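Working notes for the structure below.
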Amino acid sequence: MAVHEARRKRYKKVPPDGGYGYWILVAASVSLVSSTMFYVCFGMIYNDLFIKLGMGTTGISVLTGIRAVGIALSGFLTGPLLKIMSRRKLALIGATFYNSGMLGTVFVNTQALFIFCQGLLQVIGIGLLYTVSCTCINDYFVDKRLLSTGIVQSVAAAAGMVAPMIVSWTMAEYGYQCTLLVISAVGMQSYIAATLLQPVAWHMKRVQITDSEYKTLLEKDEDTPSQSGDNVDNARSSTFARIFDWELIKKYGPTSCCLGAPAAMFADIMFMFNLAQSLYTLDWNDDQVKWCFALIAFGDLATRVFLMIFSKWLKLLSNRLIYLVGLIIATATRIAMLWISDYTGVLVILAVMGISRCIIIVVFALVVSDCVRPEQFPSAFGLSMAIYGAVSITCGPIIGTIRDATNNYTIMFSILIAIFIVSTTAWAIEMFRDWRRQKQEKQRNNE
């Protein structure tokens, strides 16, 4: 960190926490909206294509697993890639992957081509765009990081809330292929978002520091030459060690955050991927299904806005506790889905389910940051995403095969509920164990 001295006043450069950072928020919002806005409508958009291609639940589960692996790998490798190219270049590459997959889907006529476009090209782009956007927000914001993240996530959720209505209208008026072209046109905006990205070094601001802070910075600067003077080949050969932090794997790997949270995320996403098909089997029409997904998006959006507005007070609670509440809501709402068949009752349940979706997706990153040191966050988050991909590619096809063999969505959803119950129970037990341990340590210190 550069230190400047002028007229006995010493300064350091810090992220702007505003300024051009607001354009970064615009870029991140556009990037997230353009690449994930229609994610919740996946079943609505491709239901007829699945039937045409003979793609049953097993095929959809394989696709879900491949998508999970693609997102996990792209997110996991973003860190090393950012060491050799700028954020803008990587975002442009991500936009190219995403839009190639989306445009290619317009012309698919086989399962293999559909899986290639949707399961590889598109999700690699989504993973790159999402990770680069989060990285840029972290670069530009420190004190306002939670607020800025909440704004971007709220914009994305608001777009997701209107997406089912757009899809329903375009499908009815123009058909399947024109709907995909509209989605592709929205996805093209990710190129504009990528061009807005600039290095934070161009926009750093100077703040005055005290003498003690100045001495601390000097001590850090004295340590820098010895590190930068190391052999460049050694730095390059340590890439593998930086990616695979064995100490991190030993400590973070056995935790519920690393294992239980990705399993819950898998169960949530697979449930949402198959929800539309299950509702169609109950003879629900497109308008009814549209309102179901719109209410899920509304519950998601309302929760993101709540977390953003009341973030100061929510800091009094641990992120792990908030995540546990989300798991409990997710489990309870899905159990209720199996028991309630009334249309109005289902709509209410799905709106509440949106709350759990927000917590499982948004709060997860905060939970990971609480479990590890700041410098270990990228590796820990990548490890969790890799486990999510492994769970998806192994469990997804098995659950899908069971659904196809029994021709019953209730059995499939019951298995997913069981995963939620196991994850919730493990999370609660781990929190109780840590609470007991901290209580015992305080008693020992008081003695």
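The values are calculated or read from the model by the stated rules, or taken from the named source; none is laboratory data. Here the structure is a predicted model, which means the values were calculated and not measured. Glycine also receives a Cβ, built like all others from the backbone with ideal geometry; neighbour counts cover every protein chain displayed. Only protein heavy atoms, including side chains, enter the accessible area calculation; ligands, DNA and RNA are left aside. Shrake-Rupley method; radii C 1.70, N 1.55, O 1.52, S 1.80 Å.
Would you be able to say whether some residue in the range 121-139 is more than 30 Å from residue 305 (Cα to Cα) and open to solvent by less than 40 Å² (accessible area, probe 1.4 Å)? For the range 121-139, residues more than 30 Å from residue 305 (Cα to Cα) and open to solvent by less than 40 Å² (accessible area, probe 1.4 Å): present.
The criterion of being open to solvent by 50 Å² or more (accessible area, probe 1.4 Å) and of a type outside the set (Phe, Trp, Tyr) does not hold for residue 269.
Listed here are the residues, each with its yes/no results for (1) within 20 Å of the chain's Cα centre (by Cα); (2) among the small types (Gly, Ala, Ser).
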site	(1), (2)
362	yes, no
384	yes, yes
390	yes, yes
411	no, no
427	yes, no
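For the range 305-317, the criterion of being surrounded by 15 or more Cβ atoms within 10 Å (Cβ to Cβ), over 20 Å from the mean Cα position of the chain (by Cα) and in a helix (DSSP H, G or I) is met by at least one residue.
Scanning the range 272-297 for residues that are surrounded by fewer than 21 Cβ atoms within 10 Å (Cβ to Cβ) and not hydrophobic (A, V, I, L, M, F, W, C) returns 277, 278, 280, 281, 283, 285, 286, 287, 288. Listed by position, the helices (runs of 4 or more DSSP H) enclosed by the range 134-199 that each have at least 1 residues that are without any contact (Cβ under 8 Å) to a residue 60 or more places away in the chain and hydroxyl-bearing (Ser, Thr, Tyr) are 145-173.
Only a single item in (1) surrounded by 21 or more Cβ atoms within 10 Å (Cβ to Cβ); (2) of a type in the set (Asp, Glu); (3) over 27 Å from residue 380 (Cβ atoms) is not met by residue 300, and it is number (3).
Pairs meeting the criteria (first residue in the range 427-447 and on the phi < 0 side of the Ramachandran plot and modelled with pLDDT of 80 or more, second residue part of a helix (DSSP H, G or I) and among the small types (Gly, Ala, Ser), beta carbons under 6 Å, at least 6 apart or on different chains) are 427/256; 427/260; 430/256.
Within the range 166-184, if we keep just the residues that are open to solvent by 50 Å² or more (accessible area, probe 1.4 Å) and under 29 Å from residue 91 (Cβ atoms), the residue that is modelled with the lowest pLDDT turns out to be 177. What are the pairs with Cβ atoms under 8 angstrom where one residue, in the range 318-339, is in contact (Cβ under 8 Å) with a residue 12 or more places away in the chain and surrounded by fewer than 19 Cβ atoms within 10 Å (Cβ to Cβ) and the other, located anywhere, is among the hydroxyl-bearing types (Ser, Thr, Tyr) and part of a helix (DSSP H, G or I)? Sequence gap at least six, or different chains. Final answer for the pair search is 328/424; 338/410; 338/414.
Scanning the range 6-52 for residues being in a helix (DSSP H, G or I), open to solvent by 30 Å² or more (accessible area, probe 1.4 Å) and in contact (Cβ under 8 Å) with a residue 12 or more places away in the chain gives a total of 6. Among the residues of the range 318-349, those identified as part of a helix (DSSP H, G or I) and of a type in the set (Gly, Ala, Ser) are 326, 330, 332, 336, 345. For residue 115, indicate whether it is in contact (Cβ under 8 Å) with a residue 40 or more places away in the chain, open to solvent by 30 Å² or more (accessible area, probe 1.4 Å) and in a helix (DSSP H, G or I). Here the answer is yes, as residue 115 does meet what is asked. Annotation note: of 97, 107, the sole residue that is within 30 Å of residue 52 (Cα to Cα) and not in a helix (DSSP H, G or I) is 107.
Only one of the numbered conditions (1) surrounded by fewer than 18 Cβ atoms within 10 Å (Cβ to Cβ); (2) closer than 30 Å to residue 15 by Cβ is not met by residue 98, and that is (1).
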